[in-house]
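Chemist: Can you keep this structure in mind? I'll have questions shortly.
The values are calculated or read from the model by the stated rules, or taken from the named source; none is laboratory data. As the structure is a computational prediction, the values presented were derived from the model and not from experiment. Positions of Cβ are backbone-derived with ideal geometry, glycine not excepted, and every protein chain shown enters the neighbour counts.
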Amino acid sequence: MSDLQNNNVVFFSGETTPLEMHKARMVQRIYLRDVEKRREIINAAGNNTFLLPNRDVFLDMLTDSGVNAMSEAQYAAMMLADDSYAGSETYYRLEKTVQDFFGFKYFLPAHQGRACENILAIAYVKPGQTVITNYHFTTTKGHITRVGGQVLEAVGEEALKTVSDNPFKGNFDLALLDQQVTETGVDNVSFVRIEAGTNLIGGQPISLANMREVSAYCRKKGLKLVYDASLLADNLYFIKTREKEAFDKSLKELVLEIASLMDIIYFSGRKLGCARGGGISMTHEEDYLRMRDLVPMFEGFLTYGGMSVREMEAMAVGIRETLDFHVISQTPIFVEALGQELIKKNVPVVTPLGGLGCHVDAGRFAPHIPQDQYPSGALAAAIYITGGIRGMERGTLSEQRAPDGSERFSPMELVRLAVPKRVFTLSQMKFVADRLGWLYENRDLVGGLVFVDEPKTLRFFLGRLKPVGDWQERLVAAFKRDMPSGL
Ligand SMILES: Cc1ncc(COP(=O)(O)O)c(C=O)c1O
């Protein structure tokens, strides 16, 4: 258990308080605007938190992607970057890091996670084919469907329940996987994809035991197994702390064991590695060759793949730091701290509390908002008005419409409050819980949204909406009644 030692510090008072084993040496000033101003700002942003300027955001909980705090070793490594188009030392350092980390021989660089998905989709998904995954991610599905494929999900039923005590809600239901493979036909399955730390269902992990079973199944059937390791750090934390067989294994042993179950591993370096980039690693030469030529075509030459060398250096250090238990625990223990505060205030959140962030259950928070008025989007706008807090809609708005133009209602309506690593303080988390607690008490005031400009693909990124009726004005008035300073 030596990896865990830094987090074994207990408080004499018995409190469970996350204790940081790092200190902040560089900070960024942030501003909390007045509530009336916040209402104007969110409307100018089309009630879409993606369109908010950062200067108007107090606590940016949109994502952890590319915004985790970097370590001093990462900044130092950036100074060593070797800037050349071809054959830079920086590339070889990154390649060696990824090879050592996953134990695979081959590596291809790409500018971020979705770029890896683009390459995988082009290389492996033929029109009419199917990719089976525990749960889809927005950009993954976007790329697969763009080339004419479809996505099936094989998580267990529990995964879509927002209240649960299942420690591994990201697990595959093996019987369902087998049924989907049988119905689709092995030859029509492009690959099976495992997503670590399943993003869209609340940052829920998949167990080592389950991955072993999925891998054995895929090998028996001759199916390629692809691992999206973007959220590996959080998932690793949960394996290490929740799965008995992992208690005595080092993080390095666990990563190598997970990798040994896969054929191809890709990742967003904005998440794994706490920098900005991505890459695909593989064990078979034929997979390397199948994807290799797509890198210079879409990303950049093979020794930078669209990334800046400084980011590549930082990413290499960040990937190695994933083997430090203190580093990987930072998001989950802060999510736990925030989640417990929210639960105390009756705010409905996805349980068990997962990685990535706290996921507020808009379905239970605002059941009076019909799904075609985007309850999660509306709640995200209301949360910004209430506290200058920027979360992310993860519900029906994040879905694509069906080919006939009808809405595809998401099985879960969530607002994700991401907790990037080492960025926030506990007092800021208390502020979030306080403001959400207030909003929950005034939840009847939150109304729906309607599109005024709806992009055809990935509409949640750039779509613009307006409130249905005057609920935002009434929300501001109630806020000023209770918090006369308007802050
Ligand atoms: C599980 C997962 N896969 C892929 C991606 C895409 O990565 P990127 O944002 O670097 O394109 C993300 C990003 O959030 C993710 O969470």
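Chemist: Please go through region 43-67 and give me each residue that is crowded, with 21+ Cβ neighbours inside 10 Å and in contact with a Ser or Thr (Cβ under 8 Å, 6 or more places away or on another chain), ordered by number.
Modeler: Listed by number, the residues that qualify are L62, D64.
Chemist: Here's something else I'd like to know. Determine which member of the set Y266, Y217 is within 17 Å of the chain's Cα centre (by Cα), crowded, with 17+ Cβ neighbours inside 10 Å and either more than 14 Å from the ligand (Cβ to nearest atom) or at pLDDT 95 or above (or both).
Modeler: Exactly one of Y266, Y217 is within 17 Å of the chain's Cα centre (by Cα), crowded, with 17+ Cβ neighbours inside 10 Å and either more than 14 Å from the ligand (Cβ to nearest atom) or at pLDDT 95 or above (or both), namely Y266.
Chemist: Let me ask another. Just to verify a result, which residue in region 189-214, among those that are of a type in the set (G, A, S) and part of a loop (DSSP other than H, G, I, E, B), is farthest from R242 (Cα to Cα)?
Modeler: By that ranking, first place goes to G202.
Chemist: Would you be able to say whether some residue in region 289-298 is within 16 Å of the ligand (Cβ to nearest atom) and surrounded by fewer than 17 Cβ atoms within 10 Å (Cβ to Cβ)?
Modeler: Checked region 289-298: at least one residue is within 16 Å of the ligand (Cβ to nearest atom) and surrounded by fewer than 17 Cβ atoms within 10 Å (Cβ to Cβ).
Chemist: Shifting gears a bit: Go through region 331-350 and report how many residues are part of a helix (DSSP H, G or I) and either surrounded by 24 or more Cβ atoms within 10 Å (Cβ to Cβ) or among the acidic types (D, E) (or both). Show your work before the answer.
Modeler: We begin by selecting, within region 331-350, every residue part of a helix (DSSP H, G or I); these are 331-344.
From what is left, the residues that are either surrounded by 24 or more Cβ atoms within 10 Å (Cβ to Cβ) or among the acidic types (D, E) (or both) are 331-332, 334-336, 338-339, 341.
Adding up the residues that qualify gives 8.
Chemist: Of the numbered conditions (1) more than 16 Å from the ligand (Cβ to nearest atom); (2) closer than 29 Å to S65 by Cβ, Y227 satisfies every one except a single condition; which is it?
Modeler: Just one mismatch for Y227, condition (1).
Chemist: Could you please find all residues in region 231-261 being in contact with a strand residue (DSSP E or B) (Cβ under 9 Å, 6 or more places away or on another chain) and either over 18 Å from N171 (Cβ atoms) or away from the ligand (no atom under 16 Å from the Cβ) (or both)?
Modeler: Scanning region 231-261 gives A259, L261.
Rundown of residues vs (1) charged (D, E, K, R); (2) at negative phi; (3) surrounded by 24 or more Cβ atoms within 10 Å (Cβ to Cβ), yes/no style:
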position: P370; (1), (2), (3): no, yes, no
position: A380; (1), (2), (3): no, yes, yes
position: I385; (1), (2), (3): no, yes, yes
position: G388; (1), (2), (3): no, no, yes
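Chemist: In region 53-88, what count of residues is obtained for those that are within 16 Å of the ligand (Cβ to nearest atom) and at positive phi?
Modeler: 1
Chemist: Residue under question is M307, and the condition is that it be in contact (Cβ under 8 Å) with a residue 24 or more places away in the chain, of a type in the set (A, V, I, L, M, F, W, C) and assigned to a helix (DSSP H, G or I); does it hold?
Modeler: Working: in contact (Cβ under 8 Å) with a residue 24 or more places away in the chain: yes; of a type in the set (A, V, I, L, M, F, W, C): yes; assigned to a helix (DSSP H, G or I): no.
Here the answer is no, as M307 does not meet what is asked.
Chemist: Going by the structure shown, is T396 out of contact with any Asp or Glu (no Cβ under 7 Å at 6 or more places or on another chain) and either within 26 Å of L342 (Cα to Cα) or without any contact (Cβ under 8 Å) to a residue 24 or more places away in the chain (or both)? Steps first, answer last, please.
Modeler: On the way: out of contact with any Asp or Glu (no Cβ under 7 Å at 6 or more places or on another chain): no; either within 26 Å of L342 (Cα to Cα) or without any contact (Cβ under 8 Å) to a residue 24 or more places away in the chain (or both): yes.
Judged against the criteria, T396 is not a match.
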